Amino acid sequence: MTDDVDVLLEAVLSVGRGPELEGTLHRVVQTAADVADARYAALGIIGEDGRIAQFLTAGLSEEEIRAIGPYPRGRGLLGELIRHPVPLRLPDMSADPRSVGFPAHHPPMRSFLGVPLQVHGRPFGNLYLTDKRGGGEFSPHDQRLVEALASAASVAVENSRLYDEATLRERWARGNDEISRRVLEGDPPELVLDAVAQEAMQVAGADVAVLATVAVDQDDHLQVRSAHGPGTEGLVGTLAPLEGTFAAEAYAAGRPVVTHDAASDRRQTISFNPPSVVGPLAALPLGGPGRTSGVLTVGRRLGTPPFPRVVIDALAAFAAQAAVALELAERRHDAERLAVVRDRDRIARDLHDLAIQRLYATGLSLEGVGRRLQDRSDATADAERVGRAVTDLDETISLIRTTIRGLQPSTGTVRRVGLRARLVAEVDAASHALGFTPALHMAGPVDTLVPPPTADHLVAVLREALSNVARHAGAQRVGVELVAGDDVVLTVSDDGRGIPADARRSGLANLERRALELGGTLTVASARPGTTLCWRVPLDG
Ligand SMILES: Nc1ncnc2c1ncn2[C@@H]1O[C@H](COP(=O)(O)OP(=O)(O)OP(=O)(O)O)[C@@H](O)[C@H]1O
Ligand SMILES: [Mg+2]
């Protein structure tokens, strides 16, 4: 009796030696085999589906385990103990009618002792002992020892579970901190996404993690943004249809999708390569139902324990949190881009309003000097030089114009400024070169009626018309009028010297082409004095 107490005490102490659940369970199996003198021992942990979700063994070598193949899921005798959690002792397993036999390459086993393990009164798993050493069967005494061990083990298991949960929570909190820190420090979204995937891998004890978000211009596809772990090389940037994958299902449902064995499931992993690498898998939506922005998928190698419920819960919360972080990071990025765009806008405006106008003015005065020099016979060379300088200036101006166009955001990427405001700005800008401010008059719902492409044309037309007045007309006054109705009509009239009959048209020809393109017309009436340019295009609807 004293012996038994010693054995048990030793056993219980050994079981409770380390805090992690995995280690505790291994020690339980080994200790059970020791106290009952069994050649083989196993611990089957019952999953949420009432079948064996994890199977730990003692007495079998790695090669033997590999040769046997997939662990039992709980049919036959092992299932009997799940359905009826009471100790079961048999002299010969194979003689029992409930036995389903062994797979090929399974060592022969005769005697059997099964004892249920309960934690907090709930079945947790079963201890299976086989092949009493020295032949014969397990005795009632063996059974009592293992039962005593089982009840002691349940305490150790519960402690380890709590410990694991606490550790998980701590790891998870650290993961969230890390992500928040990155967002606050202004890391670009891609780095935040990487951090999310990596932290998730840590929290879940996963081997691979893939994070995908809805593709920007293909909303029926997910695009991989971050991928970690073996078999995920080269995945970043690839597209996967939002159909037929675990990720697609999690995305559509807005809640986690979990499987014990992705390799034998008809649904596809988003692209773990080769797919057989992954057994347990969990796909978690980023954001809640109806506002999911992507999916985080984590996987473990084939044959490893499934993700416990607490891990899934932690991951789901983590993914939801990550969605918020991600949105913040993206917004911030957008804001920064907008700031850059604004800055460029300002530079473009300054170039246009200040640099170009100053160059025009310099060009004009140089032209004056050139004309005076031409009248002097001793200065033809200087006149030519000045003429070349003016040509250079013109080229510089057109170079700057090109630069300005490059600086200005392309259509559609940023909030558009209304046409009204753009025309006011254009007139404003021209007043430097003109030396006076044109009178501007607008009629009709200009901002709402004129479509963006037409508005872009109108701005260009007005710019050219005003530039012509500044350069060629020598006018005192300019009137600009825009009327939006069935048509949109821009009229620019000046009181200058009028267009010479033999004038070669270049800018004006462009204006005409712009009008024809939209099914409209350009008319230029030269009254000498005065020029009136009228650009008219129809408005649809
Ligand atoms: N408002 C105006 N008053 C007087 N003359 C004008 C006016 N607009 C145009 N012209 C004359 O008509 C010509 C053709 O104008 P157009 O805009 O087609 O070419 P440009 O201004 O000379 O060259 P670009 O537009 O390529 O800079 C000008 O060279 C100028 O002589
Ligand atoms: Mg011109």
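Structure notes:
- Listed by first and then second residue, the pairs linking a residue in the range 341-354 that is under 15 Å from Ala433 (Cβ atoms) to a residue that is modelled with pLDDT of 70 or more and open to solvent by less than 60 Å² (accessible area, probe 1.4 Å), with Cβ atoms under 7 Å apart and 6 or more places separating them unless they lie on different chains, are Leu351/Ile400; Leu351/Ile404; His352/Ile404; His352/Ala429; Asp353/Ala429.
- Entry remark, the range 481-524: residues being away from ligand 2 (no atom under 15 Å from the Cβ), in a strand (DSSP E or B) and more than 22 Å from Thr437 (Cα to Cα) number 5 in total.
- Set His472, His432: member being closer than 18 Å to Gln357 by Cα, open to solvent by 70 Å² or more (accessible area, probe 1.4 Å), more than 16 Å from ligand 2 (Cβ to nearest atom) and assigned to a helix (DSSP H, G or I): His432
- Sole residue being at pLDDT 90 or above, open to solvent by 10 Å² or more (accessible area, probe 1.4 Å) and among the polar types (S, T, N, Q), chosen from Ser410, Ser467: Ser467
- Remark: pairs (first residue in the range 468-483, free of Cβ contacts under 8 Å to residues at least 40 places away in the same chain; second residue open to solvent by less than 30 Å² (accessible area, probe 1.4 Å) and within 16 Å of ligand 2 (Cβ to nearest atom); Cβ separation under 6 Å; 6+ apart in sequence or on different chains) = Gly474/Gly496.
- For the condition assigned to a strand (DSSP E or B) and outside the structural domain of Gly59 (by TED's automatic domain parsing), Arg225 qualifies.
- Odd one out for Pro453 among (1) out of contact with any Lys or Arg (no Cβ under 9 Å at 6 or more places or on another chain); (2) within 16 Å of ligand 2 (Cβ to nearest atom); (3) open to solvent by 10 Å² or more (accessible area, probe 1.4 Å); (4) part of a helix (DSSP H, G or I): (2)
- For the range 525-534, a tally of residues being in contact with a Gly (Cβ under 7 Å, 6 or more places away or on another chain), within 15 Å of ligand 2 (Cβ to nearest atom) and open to solvent by less than 50 Å² (accessible area, probe 1.4 Å) returns 1.
- Test: residue in the range 232-242 that is open to solvent by less than 60 Å² (accessible area, probe 1.4 Å), part of a helix (DSSP H, G or I) and in contact with a Ser or Thr (Cβ under 7 Å, 6 or more places away or on another chain): no
- Hits in the range 476-497 (condition: near ligand 1 (Cβ under 7 Å from one of its atoms) and either surrounded by fewer than 21 Cβ atoms within 10 Å (Cβ to Cβ) or over 26 Å from Leu366 (Cβ atoms) (or both)): Arg497
- Of the strands (runs of 3 or more DSSP E) lying entirely inside the range 26-141, those containing at least 1 residues that are in contact with a Ser or Thr (Cβ under 8 Å, 6 or more places away or on another chain) and not assigned by TED's automatic domain parsing to the domain that holds Leu281 are 38-46, 88-90, 112-119, 122-132.
The values are calculated or read from the model by the stated rules, or taken from the named source; none is laboratory data. Note that the coordinates shown come from a computational prediction; the quantities given were computed from them, not determined experimentally. So basically every Cβ, Gly included, is an ideal-geometry build from the backbone, and we count neighbours across all protein chains shown. Please note that ligands, DNA and RNA were not included when accessible areas were found on the heavy atoms of the full protein model with its side chains. Shrake-Rupley method; radii C 1.70, N 1.55, O 1.52, S 1.80 Å.
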